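Computed from the coordinates by the stated procedures, all read-outs in this text should not be read as laboratory data. Because the structure is a prediction, the values reported are computed rather than measured. Glycine gets a Cβ as well: all are built from the backbone with ideal geometry, and neighbour counts include every protein chain shown.
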Amino acid sequence: MKNSLIKFIEIPKIYDDCFLCFAENNKHVPFMIKRVYYVSLPTAGLPRGKHAHLQNKQVLFCIQGKVRMVVDNGSKREEVVLDKPEVGLLLDKMIWHEMHDMDEKTILLVLASEFYDEKDYIRDYKEFLQIIKAE
Ligand code: T46
């Protein structure tokens, strides 16, 4: 949908005797990947995320199970369920994001444009809105 905050990145998938997906720098993912991490074994019922990044961009794949993602740019809030390993959600910088409804099987694989830096996080929603307003 035009102007939607939900931007999908679909990566190649190969079926032979298993299922294989791959992603390459600046080709399938629109930035150089500096960091890869995964989130697994979530505590049921506890949302995660609830922050935005000043610079870091990410593509988030739900490679097992499902997750309901909430994304918010300070003007609007949208949500989407991710449950296909080949479909990633592009999280641009300055997008407030939350992960909800993960079950014990959920595994999120994230490709990030920046190295980890706690100073890149905005963990307070009011502060996020203030920074957006000031831009
Ligand atoms: C997102 C979801 C899917 C590190 O030391 N290095 C890292 O690369 C990361 C990602 C985290 N950490 C430390 C920092 C915190 O002490 O691990 C702890 C939890 O990290 P965070 O609050 O980032 O965890 P989540 O699961 O709430 O969020 C992360 C990403 O930040 C977020 O952008 O999309 O995973």
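According to a simple spin-label model (label point 7 Å from Cα along Cα-to-Cβ), what is the distance in nm between Asp101 and Asp120?
Distance between the two pseudo-spin positions: 2.9 nm.
Between Leu82, Leu46, Leu109, where does the largest GNM mean-square fluctuation fall for the chain, given springs only between Cα atoms within less than 10 Å?
Judging by the Gaussian network model, the answer is Leu46.
As a footprinting exposure proxy, order Leu41, Leu60 by other Cβ within 10 Å, with the fewest listed first.
Result, fewest neighbours first: Leu41, Leu60.
Taking the Cα atoms only, what angle lies between the long axis of helix 125-134 and the longest principal axis of the chain, rounded to 10 degrees?
For 125-134 against the chain, the angle is about 70 degrees.
Helix-only mean residue ellipticity at 222 nm, the chain, DSSP H runs n ≥ 4 weighted -39,500 (n - 2.57), per residue, nearest 500. What is it?
Counting only the DSSP helices, I get -2000 deg cm²/dmol.
Excluding Tyr15 itself, calculate the net charge of residues whose Cβ lies under 14 Å from the Cβ of Tyr15, where each Lys or Arg counts +1 and each Asp or Glu counts -1.
-1
Place +1 on the Cβ of every Lys and Arg and -1 on the Cβ of every Asp and Glu in segment 21-102, take the dipole about the Cα centre, and give the residue among His100, Pro42, Val29 whose Cα lies farthest towards its positive end.
Final value for the positive-end residue is Val29.
Gaussian network model of the chain, Cα springs within a sub-10 Å range: biggest mean-square fluctuation belongs to which of Lys50, Lys105, Lys119?
For the chain, modelled as a Gaussian network with Cα springs under 10 Å, the answer is Lys119.
Find out how many positive minus negative residues lie around His97, taking Lys and Arg as positive, Asp and Glu as negative, among other residues whose Cβ is under 13 Å from that of His97.
Residues close to His97 contribute a combined charge of +3.
For segment 19-100, what relative contact order do you get, as a whole percent, if you take Cα pairs closer than 8 Å and at least 6 residues apart?
About 34 percent, as a whole number.
Please report, to two decimal places, log10 I(q)/I(0) for the chain at q = 0.09, 0.13, 0.21 Å⁻¹ as given by the Debye formula with identical point scatterers on the Cα atoms and no solvent.
Relative scattering, expressed as log10 I(q)/I(0), comes to -0.26, -0.55, -1.40.
Return the distance in nm (one decimal) between the two label points of a simple spin-label model at Arg48 and Lys34, each offset 7 Å from Cα along Cα→Cβ.
Each label point is offset 7 Å from its Cα along the Cβ direction, giving 2.2 nm.
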